[in-house]
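**Student:** Pasting in a structure now, in structure tokens, and then I'll have a few things to ask.
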Amino acid sequence: MVFAHPRRRLAAALLLAAAVCPGIQADEIPSLSLEECLRIALNENPTVKVADMEVTRVDYSKKETIGQLLPTIDFGANYNRMVAKQVMYMNMDDFGGFGGGEGTTPGGAGDAEAASRASSNKDSGLKVGLDNSYSLGFNATLPLIAPQLWKSIGVSDSQILRSVEAARQSRQNLVNQVKSAYYTLLLAEDSRRVIQESYDMAALTHDIYSKQYAAGAASDYDVLRTSVAMKNIEPELLQADIAIKQALLQLQILMGVDATFGFTASARLADYEESMYEETIANINPDYSGNADLRLLDLDAKMLDQTLKIQKLSFAPTLAFVANYNWTSMSNGSPFKNFRWNPYSTVGLSLSFPIFQGGQRYSRVKQAAIQAEEIRLQRENLERSVAMQVTLAVDNIKINVKQIASCSESVRQADRAHTIMEKSFGIGAASYLDLRDSELALTRARLAYYQAIYNYLVANSELELLLGNAPIEKYTTK
């Protein structure tokens, strides 16, 4: 596997960002929307690429299984050097007169000589074989009846479907993670703006009191009190900056780009309030048939059923066609000369009928049957869990919508109260504590408002993951 250089990956990300954002200049920090971040992530994230490669690998595995149905042809060669020749003994008594010499008569000298030679042959034996033997040629095998192999092709098809579904699940999870990270970045940025406005207001008040103190119109206590209020907000600003950086780094990792690829979010959380009511009413459909975990378990159950059938087919006989074409040579003396090659060939059928294997096949069948039942029970339990999670997610979304409406009204009231308090403070009708209380109330209302929108968006993304209906094709670049 070849890994791209970090600069090349950064350049690819910049080119992709420029493609989805035509107005971006090379020396400008891009401002990306959620759709653009999803498009980059689904094309650059290594997890998605690994899932796609797994589909390709399983496809080659199926081709390997199909290849077992085709003829296999092997070429082999063999050489043997005779170290000690085999000795053959022959009983010449049964041959009668043929065991003796020519022209001998029974009971004469010829019989004695033949008996002597026969006794000598029995003691010494006859050595057979040559010093060198060679054999080379081709062997071919073609399965004709192979029930287990035929059924394995169906399992390979199911494995491909499972890999495709696993790749879809990876994309679904990535979409959910990118959305959550993007919403976290929006929450951090909006919270930072609210805190910055509160800090600016405290700094302005401190500046006013400082000038009044210099003119003798305010006390030293007022200056110190406003200074402390301003200093108390500075740690919150630092924490907000850290939160933005962490959210951005998390989003960059999910998008598959380097940390040097900086960008900002082009949206704000308040932008989602306008369309969320319509989306909540129109798009919430508690149909979880597209849930990736359930679909994977269904495919696993199908594969186990096929595996059970394969194990049962291990009791069936197999038939194969075999053929070979070989050359042999035998000689004495040096192994590098006196070759006498003689070809020979055979064709035939090989039948194998399994009878007994110590109960192994029976045990494998029982194992497959138990696994199939386990998957069925797991599927029932998972379906109940998913149904419960979908119900809770829908209820959570509806509650978040109500919270957003309540927080939005709270922000409007707090903003109006703060405006009245500013005017009252300007004419001396209100104290600084009253003004500060109105500022804190407005800040808390705004932060609660953004948090409510964030909770709604994350809950909606989680429901989308549970239902498995994220529009992946919309963000995938072909």
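**Student:** Please work out if Asn285 is surrounded by 11 or more Cβ atoms within 10 Å (Cβ to Cβ) and either within 30 Å of Asn396 (Cβ to Cβ) or aliphatic (A, V, I, L, M) (or both). Lay out the reasoning, then the answer.
**Tutor:** On the way: surrounded by 11 or more Cβ atoms within 10 Å (Cβ to Cβ): yes; either within 30 Å of Asn396 (Cβ to Cβ) or aliphatic (A, V, I, L, M) (or both): yes.
The answer is yes for Asn285.
**Student:** When only residues in segment 405-426 that are surrounded by 18 or more Cβ atoms within 10 Å (Cβ to Cβ) and under 21 Å from Tyr456 (Cβ atoms) count, which is nearest to the chain's Cα centre (by Cα)? Steps first, answer last, please.
**Tutor:** In the first step, residues of segment 405-426 are kept if they are surrounded by 18 or more Cβ atoms within 10 Å (Cβ to Cβ); the result is 407, 410-411, 414, 418, 421, 425.
Still in the list and also under 21 Å from Tyr456 (Cβ atoms): 407, 410-411, 414.
Details: Cys407: 41, Ser410: 45, Val411: 45, Ala414: 49 Å.
For segment 405-426, the residue satisfying everything is Cys407.
Matching residues to (1) at pLDDT 85 or above; (2) surrounded by 14 or more Cβ atoms within 10 Å (Cβ to Cβ); (3) among the acidic types (Asp, Glu); (4) more than 33 Å from the chain's Cα centre (by Cα):
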| position | (1), (2), (3), (4) |
| --- | --- |
| Gly129 | no, yes, no, yes |
| Pro143 | yes, yes, no, yes |
| Ile160 | yes, yes, no, no |
| Leu186 | yes, yes, no, no |
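**Student:** With respect to Arg444, determine if the residue is at pLDDT 90 or above and under 30 Å from Tyr221 (Cβ atoms). Talk me through it step by step, then tell me what you get.
**Tutor:** On the way: at pLDDT 90 or above: yes; under 30 Å from Tyr221 (Cβ atoms): yes.
Yes; evaluated as a whole, the condition is true for this residue.
**Student:** On to the next question. Taking segment 245-260, which residues are buried (at least 19 other Cβ atoms within 10 Å of the Cβ) and either touching a helix residue (DSSP H, G or I) at 6+ places or on another chain (Cβ under 7 Å) or over 15 Å from Cys37 (Cα atoms) (or both)?
**Tutor:** Ala247, Leu248, Leu251, Leu254, Met255, Gly256, Val257, listed by residue number.
**Student:** Taking the residues in segment 211-227 that are loosely packed, with under 12 Cβ neighbours inside 10 Å and in a loop (DSSP other than H, G, I, E, B) as candidates, determine which candidate is modelled with the lowest pLDDT.
**Tutor:** So the residue we want is Ala217.
**Student:** Sticking with this structure for a sec: Out of (1) in a strand (DSSP E or B); (2) touching a Lys or Arg at 6+ places or on another chain (Cβ under 7 Å), what's the single condition that is false for Trp327?
**Tutor:** Answer for Trp327: the failing condition is (2).
**Student:** Right, Thr318: closer than 30 Å to Ala84 by Cβ, touching a strand residue (DSSP E or B) at 6+ places or on another chain (Cβ under 9 Å) and in contact (Cβ under 8 Å) with a residue 40 or more places away in the chain or not? Explain how you work it out, then say what you get.
**Tutor:** Working: closer than 30 Å to Ala84 by Cβ: no; touching a strand residue (DSSP E or B) at 6+ places or on another chain (Cβ under 9 Å): yes; in contact (Cβ under 8 Å) with a residue 40 or more places away in the chain: yes.
Criteria not met by Thr318.
**Student:** Working only within segment 441-478, note down all residues that are hydrophobic (A, V, I, L, M, F, W, C), under 30 Å from Glu409 (Cβ atoms) and surrounded by fewer than 20 Cβ atoms within 10 Å (Cβ to Cβ).
**Tutor:** Listed by number, the residues that qualify are Ala441, Leu447, Ala448, Val458.
For every residue, the table says whether it meets (1) basic (Lys, Arg); (2) modelled with pLDDT under 85; (3) in contact with a strand residue (DSSP E or B) (Cβ under 8 Å, 6 or more places away or on another chain); (4) part of a strand (DSSP E or B).
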site	(1), (2), (3), (4)
Glu35	no, no, no, no
Asn43	no, no, no, no
Arg57	yes, no, no, no
Tyr60	no, no, no, no
Thr65	no, yes, no, no
Val83	no, no, no, no
Glu102	no, yes, no, no
Gly110	no, yes, no, no
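Each row is one residue, and each column tells you yes or no for (1) at negative phi; (2) of a type outside the set (D, E, K, R); (3) part of a loop (DSSP other than H, G, I, E, B); (4) more than 28 Å from the chain's Cα centre (by Cα).
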{"position": "Gly290", "(1), (2), (3), (4)": "yes, yes, yes, no"}
{"position": "Leu296", "(1), (2), (3), (4)": "yes, yes, no, no"}
{"position": "Thr307", "(1), (2), (3), (4)": "yes, yes, no, no"}
{"position": "Phe321", "(1), (2), (3), (4)": "yes, yes, no, yes"}
{"position": "Tyr362", "(1), (2), (3), (4)": "yes, yes, no, yes"}
{"position": "Ala368", "(1), (2), (3), (4)": "yes, yes, no, no"}
{"position": "Gln371", "(1), (2), (3), (4)": "yes, yes, no, no"}
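**Student:** Do we have Glu197 as surrounded by fewer than 19 Cβ atoms within 10 Å (Cβ to Cβ), among the charged types (D, E, K, R) and either farther than 30 Å from Leu304 by Cα or out of contact with any Pro (no Cβ under 8 Å at 6 or more places or on another chain) (or both) here? So that I can check it myself, show each step before the final result.
**Tutor:** On the way: surrounded by fewer than 19 Cβ atoms within 10 Å (Cβ to Cβ): yes; among the charged types (D, E, K, R): yes; either farther than 30 Å from Leu304 by Cα or out of contact with any Pro (no Cβ under 8 Å at 6 or more places or on another chain) (or both): yes.
Yes: the conditions hold for Glu197.
**Student:** Here is a further query. Name the single residue, out of those in segment 224-244 being out of contact with any helix residue (DSSP H, G or I) (no Cβ under 6 Å at 6 or more places or on another chain) and β-branched (Val, Ile, Thr), that is nearest to Tyr182 (Cα to Cα).
**Tutor:** Initially, segment 224-244 is screened for residues out of contact with any helix residue (DSSP H, G or I) (no Cβ under 6 Å at 6 or more places or on another chain), giving 224-225, 228, 231-232, 234-235, 238-239, 241-242.
Then keep just the ones that are β-branched (Val, Ile, Thr); that gives 228, 242.
On the way: Val228: 34, Ile242: 15 Å.
The qualifying residue nearest to Tyr182 (Cα to Cα) is Ile242.
**Student:** Being surrounded by 15 or more Cβ atoms within 10 Å (Cβ to Cβ), in contact with a strand residue (DSSP E or B) (Cβ under 9 Å, 6 or more places away or on another chain) and within 22 Å of Tyr456 (Cα to Cα) is the requirement here; does Ala323 meet it? Don't jump to the end; show me each part of the working.
**Tutor:** Values: surrounded by 15 or more Cβ atoms within 10 Å (Cβ to Cβ): yes; in contact with a strand residue (DSSP E or B) (Cβ under 9 Å, 6 or more places away or on another chain): yes; within 22 Å of Tyr456 (Cα to Cα): no.
No: the conditions fail for Ala323.
**Student:** Report every pair of residues separated by at least 6 positions or lying on different chains whose Cβ atoms are under 7 Å apart, first residue within segment 129-154 and assigned to a loop (DSSP other than H, G, I, E, B), second among the hydroxyl-bearing types (Ser, Thr, Tyr) and surrounded by 14 or more Cβ atoms within 10 Å (Cβ to Cβ).
**Tutor:** If the second residue must be among the hydroxyl-bearing types (Ser, Thr, Tyr) and surrounded by 14 or more Cβ atoms within 10 Å (Cβ to Cβ), the pairs left are Leu130/Ser331; Asp131/Ser331; Ala146/Thr318.
**Student:** Only residues in segment 196-212 that are without any contact (Cβ under 8 Å) to a residue 40 or more places away in the chain and of a type in the set (S, T, N, Q) count as the first member; pair them with residues that are assigned to a helix (DSSP H, G or I) and surrounded by 17 or more Cβ atoms within 10 Å (Cβ to Cβ), Cβ under 9 angstrom, at least 6 apart or cross-chain, and list the lot.
**Tutor:** Ser210/Val223; Ser210/Thr226; Gln212/Asp222; Gln212/Val223
The values are calculated or read from the model by the stated rules, or taken from the named source; none is laboratory data. From a predicted model like this one, the values you see are computed outputs, not experimental measurements. Quick reminder, even Gly has a Cβ in these numbers, built from the backbone with ideal geometry, and neighbours come from all protein chains shown.
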